[in-house]
1. Scan the range 54-71 residue by residue and report those that are crowded, with 17+ Cβ neighbours inside 10 Å and either of a type in the set (Asp, Glu) or in contact with a Phe, Trp or Tyr (Cβ under 6 Å, 6 or more places away or on another chain) (or both).
2. Does the range 253-274 contain at least one residue that is free of Cβ contacts under 8 Å to residues at least 60 places away in the same chain and of a type in the set (S, T, N, Q)?
3. Criterion first (closer than 19 Å to Trp208 by Cα and hydrophobic (A, V, I, L, M, F, W, C)) does Val74 satisfy it?
4. Quick one: in the range 259-304, which of the residues that are of a type in the set (Ser, Thr, Tyr) and in contact with a Lys or Arg (Cβ under 8 Å, 6 or more places away or on another chain) is surrounded by the fewest Cβ atoms within 10 Å (Cβ to Cβ)?
5. Considering only the range 162-209, state which residues are within 30 Å of Gln142 (Cβ to Cβ), of a type in the set (S, T, N, Q) and in contact with a strand residue (DSSP E or B) (Cβ under 7 Å, 6 or more places away or on another chain).
6. Taking Ser240 and the conditions (1) free of Cβ contacts under 8 Å to residues at least 40 places away in the same chain; (2) surrounded by fewer than 16 Cβ atoms within 10 Å (Cβ to Cβ), which numbered condition does it fall short on, given that it satisfies the others?
7. From Ser190, Ser151, Ser210, grab the single residue that is surrounded by 18 or more Cβ atoms within 10 Å (Cβ to Cβ), within 16 Å of the chain's Cα centre (by Cα) and either in contact (Cβ under 8 Å) with a residue 12 or more places away in the chain or over 24 Å from Glu280 (Cα atoms) (or both).
8. Failed condition for Ala222, given (1) surrounded by 20 or more Cβ atoms within 10 Å (Cβ to Cβ); (2) outside the structural domain of Leu20 (by TED's automatic domain parsing); (3) closer than 21 Å to Val12 by Cα; (4) not aromatic (Phe, Trp, Tyr), with all others met?
Amino acid sequence: MKVAVIGAGGFVGARVAARLAEDRSIEAITLLDQAPFAARDDRRVRSLVGDFAERSMRGAALDGADAVILLAAVLGGAAEANPKAARRVNVDATLDLFEHLCERAPATRVVFASTIAVYSKPMPDPVTDATPLAPVMVYGAQKLMMEVALSNFAAKGWLDGVSLRPSGVVARDGADAALKSAFMSRLFWSVMRGEDMTLPVAPESRGWMSSVETVARNFIHAAKLPEIGANRAFTLPALSPTFAEILEALRRRFPESRSRVVFAPDPEIVALFGAYPRLETTTADSLGFQCDADVDALVTNAVS
């Protein structure tokens with residue numbers, strides 16, 4: 001099997017690349033990112049630096065691939081600040097990639113990174129595979145457009161595509177402070193390093209979270225699944241711990257930490273990241289996708 005990863009230098013992409021390299025059933029791996037990233041000492045791995053919006057670069061990256069994992073995107077706040085720039089990546093280049101692959105036979109497996117931002121706010125309780133989608137942010141709307149396109153192409157037999165919606169992926173070291181969600185990852189590293197921090201949520205605030213390790217394994221699982229079924233866009237399983245429970249697990253994992261963490265709830269942040277309902281992921285569960293086993297596993301997987 002030959003796999004291409006678009007956005008291989010990013011937080012999730014780097015972990016996907018590492019896990020693919022450990023899988024001896026993978027015959028060849030092509031990694032592409034717009035920014036330079038660490039090369040791998042593996043004869044199966046081909047690393048490319050360039051913009052997948054460019055046809056020549058796209059063609060080079062996708063050449064011979066049996067499966068394509070598309071992670072490259074302009075994320076939430078950046079997309080909101082500059083919708084036109086975000087459209088170039090999240091819509092135009094993404095659709096161009098899909099259409100490029102439609103020229104092939106047999107249909108190529110495409111695993112597209114979507115987002116839980118496709119849901120409306122506030123979300124119903126519980127959120128299920130049947131929950132209506134009504135994004136309020138540009139990022140969520142652009143991702144939903146591509147979900148619809150990929151599902152349509154799959155129904156027509158042009159692509160063997162699936163859109164996966166991961167939840168709160170933690171823990172990115174040095175997460176961009178401009179991102180409103182950055183505090184979720186920063187909590188893990190602050191406790192690990194003994195640094196003080198203030199959380200803009202309440203102890204009982206609850207979110208959906210997955211470790212980067214588990215999310216990476218789920219994307220690879222999607223690339224290798226023999227059959228997906230009719231539903232080609234769904235949310236991945238995730239834990240739903242309170243922030244107090246996460247902090248307690250971090251204290252267990254790093255008992256020597258002198259980090260002082262205080263809660264100072266910001267109503268806007270709580271509404272965005274701390275008021276999540278129950279999540280039911282029937283489709284993903286039936287296909288063998290997984291979440292972290294428990295909050296202690298989440299912590300271990302997130303900082304390993």
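1. Result: Arg58, Asp66, Ile69, Leu70.
2. No, the range 253-274 contains no residue that is free of Cβ contacts under 8 Å to residues at least 60 places away in the same chain and of a type in the set (S, T, N, Q).
3. Details: closer than 19 Å to Trp208 by Cα: no; hydrophobic (A, V, I, L, M, F, W, C): yes.
When the stated conditions are applied, Val74 does not pass them.
4. The selected residue is Thr300.
5. If the condition is that a residue be within 30 Å of Gln142 (Cβ to Cβ), of a type in the set (S, T, N, Q) and in contact with a strand residue (DSSP E or B) (Cβ under 7 Å, 6 or more places away or on another chain), then Ser163, Ser167, Ser185, Ser205 are the ones that fit.
6. (2)
7. Within the list Ser190, Ser151, Ser210, the selection yields Ser210.
8. Of the numbered conditions (1) surrounded by 20 or more Cβ atoms within 10 Å (Cβ to Cβ); (2) outside the structural domain of Leu20 (by TED's automatic domain parsing); (3) closer than 21 Å to Val12 by Cα; (4) not aromatic (Phe, Trp, Tyr), the odd one out for Ala222 is (2).
The values are calculated or read from the model by the stated rules, or taken from the named source; none is laboratory data. Predicted model only: the values in this text are computed from it and were never measured. Don't worry about glycine lacking a Cβ; one is built from the backbone with ideal geometry, like all the others, and counts go over all protein chains shown.
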